[in-house]
1. Can you give the extra length, in nm with one decimal, that the chain gains between Val10 and Arg220 once fully stretched, where that is 0.36 nm per residue apart less the Cα-Cα distance?
2. Roughly how many debye, to the nearest 20, is the charge dipole of segment 112-385 about its Cα centre, given +1 on each Lys and Arg Cβ, -1 on each Asp and Glu Cβ, and no other charges?
3. So which of Lys159/Lys207; Lys75/Lys505; Lys181/Lys207; Lys75/Lys440; Lys250/Lys430; Lys207/Lys329 end up more than 23 Å apart by C-alpha?
4. Relative contact order for the chain using alpha-carbon pairs under 8 Å, separation at least 6, rounded to a whole percent?
5. Ranked highest first by average number of other Cβ atoms within 10 Å, how do 66-74, 277-285, 413-421, 377-385 line up?
6. Against the empirical 2.2 N^0.38 Å scaling, what ratio does the C-alpha Rg of segment 1-80 come to?
7. Treating only the Cβ atoms of Lys and Arg (+1) and Asp and Glu (-1) as charged, compute the dipole magnitude of segment 302-409 about its Cα centre; round to the nearest 20 debye.
8. What's the whole-number percent of alpha carbon pairs in segment 352-431 lying beyond 20 angstrom?
Amino acid sequence: MMKQQSRGGVELAQAVRAAYSRGESDYNMEPLVRVDETGSPIGRIQDGDTVIFGCRRGEREIELTEMFTEPDFDKAGRTRLNDLQFVILTLYHDKFKDLPIAFAPEQVHKPLAQIISEAGRTQLHAAESEKFAHVTFFFNGGNRTPYPGEEDIMIPSPKGVPFEEVPELSLAEVVDEVNRKLGGPDFVVVNFANGDVIGHTSCNSAKIAAASHMSRQLERLVSAAKAQDYVVMITADHGNLESMITPTGKPDVAHTTNPVPFLVIDPRRNDPISPRNGSLCDVAPTVLHAMGIPLPPEMNASTLIPGVRFDDGRKVLLIILDGWGLGEKGEGNPIFLADTPYWDFLLETYPCARLHASGSFVGLGQDKAGNSEAGHLNLGAGRIVPQDDIRLDKAMADGSFEQNPVFLEAIRHTRVHGKALHILSYLTDKSSHGSIDYAKALCRMAKGLPEVNLHIIFDGRSTEPGSAPQLLMELEKELDHIGAGRIVDGVGRGIVLDRDQNYTKVKRGYDAMVLGCGTAYR
């Protein structure tokens, strides 16, 4: 009997286990490249081939897309492919608008930043680089160009060191810079990245330290803002940091469905303001309420502080504690365990509302955990914004994904030219970046093509760390059932899906896919 041909999942799973023994993790997995019996790499991306980038989210996909598609790319040395059909799932940057886009974007019309600008008021958006896109592109409804009167400040996040070793990140520098600017802009939005960035690590001590750092820097920023007569609003985009251990006793590195806080501090008032409960989309109307700017008809949400009157159009500071959910008080909550005297003071002094930040309340699937993109989009939109995962999940469910004309044209182009189809495949069941189900569907569509190669991107965030081998074995069975597709390499999300302009890291993933550079396995 002829031996059944491997789809490559078994071999890559073995290579991943070997990498674990070297101290590597799914998230930071260095490139693993499958070779044949002569030691030559299998399934390289070459001129004339077609690539479908099976990730959908945004800021983490930009740098790799640049490397594959920009003719004048000069941020790192690369082997240029001059004849490549490169398809993206969604438009995650305007610079890619001329690429084939399977699911065209739904841009928010009249987000908060635009309304403030059109009212003749000034604004400042500030974050460290890990979350800069969230207070600009996402908060502004998918618009990358600052509105008139808008200043954007990005402070570099730490580089070259694991984030769990620097749980303070660059938060103090962010607060320093914003404090220097306070008194000028009429509206300021600031992101505290630590809760989400450190919440995604498996280091419990770093999570507790991150909560302490956030509390200290929150006190510095709020104190400075009150001195400058700002109305201060404090909230979060989704939960994460408040959950440290999964029900199975493993480190919890994923987002949660918990609500997030919302507090209002007005230095002119002796009596505290009591906001109502609501959803993230209600925050933008609340900001406009305090600033004395009429709510536009495009915003169908409503203020969280109805009945509260402000004597004149006030200046507002909005602080987004990224990943700071409201969880159970106990040994599994780093926020509860941390030394957070100022946060404790705020909760004792100011009524805290609870805002929905997950599922259908932010345009995601029912009961799905929130994420930073959906959170910031809804915070700035003043309405619920349908997310790409809803659109793609719907397309997967009703079969229209496999009838998508952009995908069909990519497969036709591959067949006509007799070349290979490559799918950059995200190894997770569900993530804000995508799903391996997309790759499976594309393999079904591509059945009959002579060469369909899957380039695996390991997750390590939405999936449990160490789960890659099992997921690869499951994918092996699926591909065998489909009868199309082979797995030819793998690399960690932290390497190839960078968002901090570490192009030398992204190049390692690019070179694995294009040149076959990496740790060889068979």
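1. 70.3 nm
2. Numbers: 21 positive and 33 negative charges, 92 e Å.
Value, rounded to 20: 440 debye.
3. Numbers: Lys159/Lys207 19 Å; Lys75/Lys505 11 Å; Lys181/Lys207 29 Å; Lys75/Lys440 33 Å; Lys250/Lys430 19 Å; Lys207/Lys329 15 Å.
Distance filter (> 23 Å) returns Lys181/Lys207; Lys75/Lys440.
4. Working: 1191 pairs, mean separation 131.3, N = 522.
For the chain, the relative contact order is 25 percent.
5. Values: 66-74: 14.3, 277-285: 24.3, 413-421: 17.0, 377-385: 27.6.
Taking the mean over residues of other Cβ atoms within 10 Å, the ranking is 377-385, 277-285, 413-421, 66-74.
6. Numbers: Rg = 16.3 Å, N = 80, 2.2 N^0.38 = 11.6 Å.
Cα-based Rg divided by the globular estimate yields 1.40.
7. On the way: 9 positive and 16 negative charges, 102 e Å.
With Lys and Arg at +1 and Asp and Glu at -1, about 480 debye.
8. Numbers: 1588 of 3160 pairs.
Considering segment 352-431, 50 percent of its Cα-Cα pairs are separated by more than 20 Å.
Just so you know, all these numbers are worked out from the coordinates, no wet-lab data involved. Predicted model only: the values in this text are computed from it and were never measured. Cβ atoms come from the backbone with ideal geometry, glycine included; neighbour counts cover every protein chain shown.
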